[in-house]
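Reading through the C-alpha cells given below for one structure.
The values are calculated or read from the model by the stated rules, or taken from the named source; none is laboratory data. Treat the numbers as computed from the prediction; the structure is a model and nothing was measured. Don't worry about glycine lacking a Cβ; one is built from the backbone with ideal geometry, like all the others, and counts go over all protein chains shown. SASA here: full protein model, heavy atoms, side chains in, ligands and nucleic acids out. Shrake-Rupley method; radii C 1.70, N 1.55, O 1.52, S 1.80 Å.
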Amino acid sequence: MNRPNFYASSGLDRVSHLRRDADWLAERLADPETRVQPVWRSQNFIARGAEPAAGWLPASALRRQIEAGATVALLGTQDGVAHFAVDLSAEEAPLELPGIADLGDFFDLRRVGPALRHAEGGMLAFARGILHWHSRHRFCGVCGSPTQSSEAGHQRRCSNPACNASHFPRTDPAVIMLVHRGDRCLLGRQPQFPPGMHSTLAGFVEPGESLEDAVAREVREETGIVVDEVRYHSSQPWPFPSSIMLGFHARAVTDEIVVDTNELERAAWYDRDWILAHPADDRFRLPRPDSIARRLVEDWLKGEVPV
Ligand SMILES: [Zn+2]
C-alpha cells in the first residue's frame, strides 16, 4: 500500500518557498535549461516519438505568449531545473506556433497516461490540474471582480482593492471504495462506462462529513448495502478535472443489493475466483490500469486488505 498510485509522486520539488521570489522566477524563465509544458484547453503536450513522453519546451519557445499574459504556473524543480506549465488555451491553432510546430501534439492525459513514465504522469497531471483551476476562477467569488494570478500561479487575487480576497487552488475530495464480504466484492456499472467495465463505487465528500461517513453513505445510497469497517487504502490525484480520490476497503454487513438507477446501471457481487478466471471482454472487465479503482480491486484479489 506504500506504492504510489499513478499521477502521484512526480518527483518534483514544489519549492513553495520560492513562489514569491520574483527575481528567482524571472531568472528561471530566462534560463535556457528551464522546461515548460504547454497545456491547451485541458490537453497536455506530448512529444512526438516512438514512445509517448511529456513534451517539454524551453521557455523561449513560448516567450511571446508568456509576455502576452498566458497563465504560467511553477510546477517545481528537478535536479535544479525549473518546470512550468503554460496555458495556451487562448490560441486557436497552438500546433502552428513557431516554437511548437512539429514537436508534438496535444492529448487528453487520460488517453496517454498509462503509457507515460510514472513521474511524467504526475507532472502532467499537476500541470493540467492547476491550469484548469485558473481557467475556472477568473472572477472573484466574493465580489465578482476579475482575479489575477499570483504566487507563481498558486494563488489568485481579487483585483478590486476594496475586496482583495485571495483564492487558492482547489482539490475536491472524492471517496472510492472496494466493498467486500468474504470472498465476494461489490462492483457496479455506470451507463457511460466503456463496454463491460465494472468498477468500485465512488462519490464526492459533502460538507460536514468524515471520509468514513461518506463511504458508508455512498455505498448505502447507490446499492442499499450497509458497511461497518471502513479502512483507508491509498489516494490518487485525479485532476479530471479537479479531484483527489481517497481509496478505501469497506466490509459489508448486508447482502441484498438495491441499485439506485439514477447512479448505476447495475451492481452485483462478484466472486474472487470468478474475477481472476474471467478474461477482459465486453461483458466484464476491470477499470483502466492507471486508476486507483483497479488497484483497490487487484489488491483485494491478492488478499491485500488494509487492517
Ligand atoms: Zn473580490
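Annotations for the structure displayed:
- Considered as a group, the residues in the stretch 101-127 that are of a type in the set (D, E, K, R) and not in a loop (DSSP other than H, G, I, E, B) include one that is surrounded by the most Cβ atoms within 10 Å (Cβ to Cβ), and that residue is GLU120.
- Among the candidates PRO94, PRO169, PRO98, residue that is open to solvent by 50 Å² or more (accessible area, probe 1.4 Å) and either in contact with a Phe, Trp or Tyr (Cβ under 7 Å, 6 or more places away or on another chain) or within 16 Å of the ligand (Cβ to nearest atom) (or both): PRO169
- Those residues of the stretch 246-286 which are in contact with a His (Cβ under 8 Å, 6 or more places away or on another chain) and of a type outside the set (A, V, I, L, M, F, W, C), in sequence order: GLY247, HIS249, ARG251, TYR270, ARG285
- Scanning the stretch 143-166 for residues that are within 23 Å of ASP21 (Cβ to Cβ), within 9 Å of the ligand (Cβ to nearest atom) and either of a type in the set (Ser, Thr, Tyr) or not in a strand (DSSP E or B) (or both) returns THR147, SER159, ASN164.
So that you can scan it fast, the table gives a plain yes or no per residue for (1) among the charged types (D, E, K, R); (2) open to solvent by 70 Å² or more (accessible area, probe 1.4 Å):
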site	(1), (2)
VAL179	no, no
GLY182	no, no
ARG189	yes, no
GLY196	no, no
LEU201	no, no
PRO207	no, yes
GLU212	yes, yes
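- Any hit, the stretch 229-246, residues being among the aliphatic types (A, V, I, L, M) and more than 30 Å from PHE168 (Cβ to Cβ): no
Residue-by-condition table, conditions (1) acidic (Asp, Glu); (2) assigned to a helix (DSSP H, G or I); (3) farther than 13 Å from MET123 by Cβ:
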site	(1), (2), (3)
PHE6	no, no, no
SER10	no, no, no
LEU25	no, yes, yes
GLU33	yes, no, yes
SER60	no, yes, yes
GLY76	no, no, no
ALA82	no, no, no
GLU91	yes, no, yes
